[in-house]
């Protein structure tokens, strides 16, 4: 049964929930519910139970648990984004407990804090909570009765994902008591993954694919929550990049892994789409590794880096004497990749002439070396990648339509880092460990305001930018200290200044019970007077404000809506109307 001893002296009550409740809005006329700018749904708990039972029947108990745990993790990471917006500037207890309070606001469970201790700079965390009247227990007990295992799978995933965001490193919560095991309430304990001696059993529920989420070297015991690549072996310190094996738990990452798994056993051409820096080559390497061609070579070509006059010889090879300087025969990339995979990165940069030569090789399955008169059969699996819109290139004539359809057999879109922020904590943890070893530094981690800023940053350069920024932080941070804002944002990167507790005039505010970024009434009054004196028509002013927010957010409508303090739906409606 649950421990009935009184809570320790350091237990505290939750702060007022009004700031969160004010973000919940209903619009029954159009069938929408919003929590901040994210759409929500009301779901009958009975329907949740029916879904849960069907998942158990279809996937088995362990499979259903894994799926629902990952679902909870994604939800927790999403709610962490709201916490950053609402309670930046508050003390850590109020800040981190946005998650439990949102869980209550969303009707999931009643949460009672027992003990919360943390030191973000060193990564130390201990959280203990009691859950009363869990909706998951209710439906599980109704169908399966009392058993020997905990059943609050979504909630455990939520707590782990939510806390990982704040601490900037992987956190794991575990139910030590559960109503589904006969206890009067559920008791959960959370701490860093590395501090659990037997974390593998729990972590595996966040591993949807056998080729992902491998264990890493060094102090990072298990990578369960980030779309990153494992650290190199200690013997490979000369490696230029801390990437080897994909691991992840965000929804976007899991979708990509699922697509890779589906196509891996075939010889189909794969087209990887995504912004620069999302790690397209790493996904291509993983596809090769899990395919039947894994024993063959993996050859990568950056099409943008090869001069136009050399593209043919680089791809198809050259015979001795074909041109001045060709003193020996040399195989091209196609031949070198024979029996394996050829990765053509930045395929959209090829000239029309080069596209024609490539198309023939793909259609015929054979190539001719420059200066040769005979064809050579090749057995190569093509994986291409681009960060440009090839359909647009087809429309404007810069990319051949026949080549596009030859490449676009199985397209996979890799989402940008800003759309899978749940991956950031492990990326930070991964890169921190790697660069500390590379540069011989001993650091404790990241400060809270550094983590908050990194999480709220737009990441135009994606994972590559994060990797570079962490390396910069490792170099600049003091020995045995923590990486702070001043060590990271040194090259003109723009981030939300509210994490520093600044008012609208740029003065630092003391931490109070109110969010530091809220403008003062005098500031608002001055702004109103300035606008009235300008005599700008209201419609024009609104249009300029809306367009300016979208421009500042670099076209990200959700981010623009956050800047304006309205929902995404409201902004979209006003933009269409203006």
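The values are calculated or read from the model by the stated rules, or taken from the named source; none is laboratory data. Everything numeric in this text was worked out from a predicted model, so none of it was measured. Backbone-built Cβ (ideal geometry, glycine too); neighbour counts: all protein chains shown.
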When you look at residue 109, is it buried (at least 19 other Cβ atoms within 10 Å of the Cβ) and at pLDDT 90 or above, yes or no? yes
Given the conditions (1) in contact with a helix residue (DSSP H, G or I) (Cβ under 9 Å, 6 or more places away or on another chain); (2) loosely packed, with under 15 Cβ neighbours inside 10 Å; (3) part of a helix (DSSP H, G or I); (4) modelled with pLDDT under 90, report the number of the one that residue 143 does not fulfil. (4)
Among the residues listed as 42, 67, 59, 48, the single one being in a loop (DSSP other than H, G, I, E, B), under 27 Å from the mean Cα position of the chain (by Cα) and more than 28 Å from residue 93 (Cα to Cα): 42
Exactly one of (1) under 18 Å from residue 110 (Cα atoms); (2) touching a strand residue (DSSP E or B) at 6+ places or on another chain (Cβ under 8 Å); (3) at pLDDT below 80 is unmet by residue 4. Its number? (2)
Here are the criteria: (1) surrounded by fewer than 23 Cβ atoms within 10 Å (Cβ to Cβ); (2) within 16 Å of the chain's Cα centre (by Cα); (3) at pLDDT below 60. Tell me which single one residue 255 does not satisfy. (3)
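Results for (1) under 37 Å from the mean Cα position of the chain (by Cα); (2) touching a residue at least 12 places away in the same chain (Cβ under 8 Å); (3) surrounded by fewer than 16 Cβ atoms within 10 Å (Cβ to Cβ); (4) at positive phi, shown as yes or no for each residue.
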position	(1), (2), (3), (4)
358	yes, yes, no, no
364	no, no, yes, no
370	no, yes, no, no
377	no, yes, yes, no
380	yes, yes, no, no
384	yes, yes, no, no
389	yes, no, yes, no
Need the failing condition index for residue 103 against (1) in a helix (DSSP H, G or I); (2) under 15 Å from residue 174 (Cα atoms), just the number. (2)
Do you know which residues across the stretch 112-140 are surrounded by 16 or more Cβ atoms within 10 Å (Cβ to Cβ) and either assigned to a loop (DSSP other than H, G, I, E, B) or not assigned by TED's automatic domain parsing to the domain that holds residue 184 (or both)? 120, 121, 123, 134
How about the stretch 433-458: which of its residues are over 20 Å from residue 170 (Cα atoms) and modelled with pLDDT of 90 or more? 438, 439, 440, 441
From the list 348, 332, exactly one residue is in contact with a strand residue (DSSP E or B) (Cβ under 6 Å, 6 or more places away or on another chain) and modelled with pLDDT under 90. Which is it? 332
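Look through 35, 68 and report the one residue that is touching a helix residue (DSSP H, G or I) at 6+ places or on another chain (Cβ under 6 Å), in contact (Cβ under 8 Å) with a residue 12 or more places away in the chain and not assigned by TED's automatic domain parsing to the domain that holds residue 557. Can you show your working first?
On the way: 35 fails: touching a helix residue (DSSP H, G or I) at 6+ places or on another chain (Cβ under 6 Å).
Unique residue meeting the criteria: 68.
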Across the stretch 84-100, what is the total count of residues that are surrounded by fewer than 19 Cβ atoms within 10 Å (Cβ to Cβ) and in a loop (DSSP other than H, G, I, E, B)? 1
Failed criterion for residue 34 (all others in (1) modelled with pLDDT of 90 or more; (2) under 27 Å from the mean Cα position of the chain (by Cα); (3) not in a helix (DSSP H, G or I) hold): (1)
Please indicate, with yes or no, whether at least one residue in the stretch 166-177 is over 16 Å from residue 72 (Cβ atoms) and either surrounded by fewer than 18 Cβ atoms within 10 Å (Cβ to Cβ) or outside the structural domain of residue 77 (by TED's automatic domain parsing) (or both). yes
